[in-house]
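Please read the structure below before turning to the comments.
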Amino acid sequence: MNLLNDEILNEYLDGNLDEQKANEVEKLLASSENDRKRFNALKVIHDELSQIKEDRTSEEFTQLVISKLGKKFELPSHQKYFIFIIASIFILISVGIVAYTVTTIISTSSPQSESIEVTETVHQLSNGLIHELKQIFNSKNLSLIGLIFSLGIMISGYFFFENQKRNKANLST
Amino acid sequence: MKKLSDQEILDSVIRGNQADYSIIIDRYKNKAFSLLKRMLKNEQDAEETLQDCFLKAYNSLSNFKGEAKFSTWFYRIVHNTALTKLSSIKRKTENQMTSVDDHFDLKSDYDFRSSEKEDLSIFINDLVNQLPERFATVINLYYLNEMSCEEISDILKISVSNVKVILHRSRNALKDIIIEKNLVEELI
C-alpha cells in the first residue's frame, strides 16, 4: 500500500501538515523514487499555476461599461417623469369630477340659501355632494366610468411597457 | 502614491463620482475575464457577461455593506452570472455534471517540443482551459486571484473541504499528464 497518496502529497505541498507528518513525508519521499517523481510533477504544476497569466479584455472595455452606467442612471428619471404625467392625468380627472359636482350643487341651490346659516349651507352642500356623486356613480354611469378608467390603465400600461422596452434597448446598445 | 482601497473608491462612487468606478473596473476586469473565459469557454460570452457583472455590481452597491471584502462579493456576482449564462446557452447539462465526484479526462494535442518555460506555460494553460467549469473556477480563484480556500468556499457556497477536493483533483489531473508525457525529469 502506498503511504504517500495524492491527498497527502497535496496537503504537504500546501504546507497543511504538522511538523511530525511533514517529516514522515520527507523520509518517504527520500526513500522512493516513484513518489519523488509524483511529488516533483505536482510541484511543477503548482509552480506553473502560480505564474499563470491573466487574460486581457478589449481595450475599450472600461469605457464601454462606464458609458452604460450613465444610461442606467437615466432610467429612474425617465420613469419618474412618466409616472408624474400619469399621476397628473388622474389628479386632473378627479379634480374635474369634484369641480363639476360642486358647480352643479351651487347652480341648483335656491337663492334664499344666502340667508341661511353657514352650518346649514355646509349641510346642504354635503348632501348635494352625496346626491351628485350618487348620480354620477349610478349603475348606468358606473360602467362608463369603469370603462374610461380601464382604458386609461390599459393606455398607461402600454406606454409604460413601451418605455421600459425603449430603456432596455438603450442599455443593450 | 498611495493606492486607494476598494472601500475608499466605492465610497467615492457612492458619493456621486461615477468615473471612479473605472478604477474598480480596471482593477478586476482581467482576472474576472480570465475566470469567465474558463467557465464559459468562449471569449465573446466572457466579455459580455463581465459587462453585466460590473453593471450588476454597480447597481447593487447600496447592498454592499462592507462586511465581506469587495472582491469576495464581486466574484460571487461573477460566478452566479456565469452560471446563469451557462444555463441560458444550454450548457446547463455540462454544468450540472461537473460536481466534485465527477470524472474528467484531460487531453492535450499541444506539441511539446522543448522543456522551455514558455512552452510549458502554454501547455498548462491549454490544460487548465479544458478543465470543467467548477474545477477551472477553483484553480483560477486560488492561483490567479490568490484567494484562500475559505474565500473560495464563501464565493462558491460550498464547503472548504470540497474546495480542497476540487483543487487537489485538478492538480492531480494535470500532474498525471505531466508524468504521462515524461516531462518531469526535463522540467526539474
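The values are calculated or read from the model by the stated rules, or taken from the named source; none is laboratory data. Predicted model only: the values in this text are computed from it and were never measured. Neighbour counts run over all protein chains shown; Cβ positions are idealised from the backbone, glycine included. Note: accessible area is taken over every heavy atom of the protein model, side chains too, but ligands, DNA and RNA are not part of it. Shrake-Rupley method; radii C 1.70, N 1.55, O 1.52, S 1.80 Å.
Can you name every residue in region A:53-63 that is at the interface with another protein chain (Cβ under 7 Å from one of its Cβ atoms) and either in contact (Cβ under 8 Å) with a residue 12 or more places away in the chain or part of a helix (DSSP H, G or I) (or both)?
A:61, A:62
Report yes if some residue within region B:147-154 is within 11 Å of chain A (Cβ to nearest Cβ) and over 15 Å from residue A:14 (Cα atoms); otherwise report no.
The answer is no, given that none of the residues of region B:147-154 is within 11 Å of chain A (Cβ to nearest Cβ) and over 15 Å from residue A:14 (Cα atoms).
Among the candidates A:145, A:66, single out the residue that is at pLDDT 75 or above, open to solvent by less than 80 Å² (accessible area, probe 1.4 Å) and touching a helix residue (DSSP H, G or I) at 6+ places or on another chain (Cβ under 7 Å).
When all the criteria are applied, what remains is A:66.
Taking residue A:13, is it more than 7 Å from chain B (Cβ to nearest Cβ), under 49 Å from the mean Cα position of the chain (by Cα) and touching a residue at least 24 places away in the same chain (Cβ under 8 Å)?
Considered against the rule, which asks whether it is more than 7 Å from chain B (Cβ to nearest Cβ), under 49 Å from the mean Cα position of the chain (by Cα) and touching a residue at least 24 places away in the same chain (Cβ under 8 Å), residue A:13 comes out as yes.
Could you grab me the full set of residues in region A:16-49 that are under 21 Å from residue B:147 (Cβ atoms), at the interface with chain B (Cβ under 9 Å from one of its Cβ atoms), open to solvent by less than 60 Å² (accessible area, probe 1.4 Å) and out of contact with any Ser or Thr (no Cβ under 7 Å at 6 or more places or on another chain)?
A:42, A:45, A:46, A:49
Considering B:105, B:11, B:52, B:20, which residue is on the phi < 0 side of the Ramachandran plot and modelled with pLDDT under 80?
The conditions single out B:105.
Could you give me the residue pairs with C-beta distances under 6 Å whose first residue belongs to region B:145-172 and is under 16 Å from residue B:69 (Cβ atoms), whose second residue is of a type in the set (Phe, Trp, Tyr) and surrounded by 18 or more Cβ atoms within 10 Å (Cβ to Cβ) wherever it lies, and which are 6+ apart or on separate chains?
B:155/B:75
Can you pull out every residue in region B:1-23 that is under 23 Å from the mean Cα position of the chain (by Cα), open to solvent by less than 60 Å² (accessible area, probe 1.4 Å) and touching a residue at least 24 places away in the same chain (Cβ under 8 Å)?
Within region B:1-23, B:6, B:10, B:21 meet the criteria.
Looking at (1) open to solvent by 50 Å² or more (accessible area, probe 1.4 Å); (2) of a type in the set (Val, Ile, Thr); (3) modelled with pLDDT of 65 or more, can you tell me which one residue B:178 breaks?
It is condition (1) that residue B:178 fails.
Residues that are acidic (Asp, Glu) and either within 10 Å of chain A (Cβ to nearest Cβ) or under 25 Å from residue B:133 (Cβ atoms) (or both): find the helices (runs of 4 or more DSSP H) completely inside region B:1-79 holding 3 or more of those.
Ranges flagged: B:43-59.
Evaluate the following for residue A:101: is it at pLDDT below 75 and surrounded by 11 or more Cβ atoms within 10 Å (Cβ to Cβ)?
So residue A:101 passes the test.
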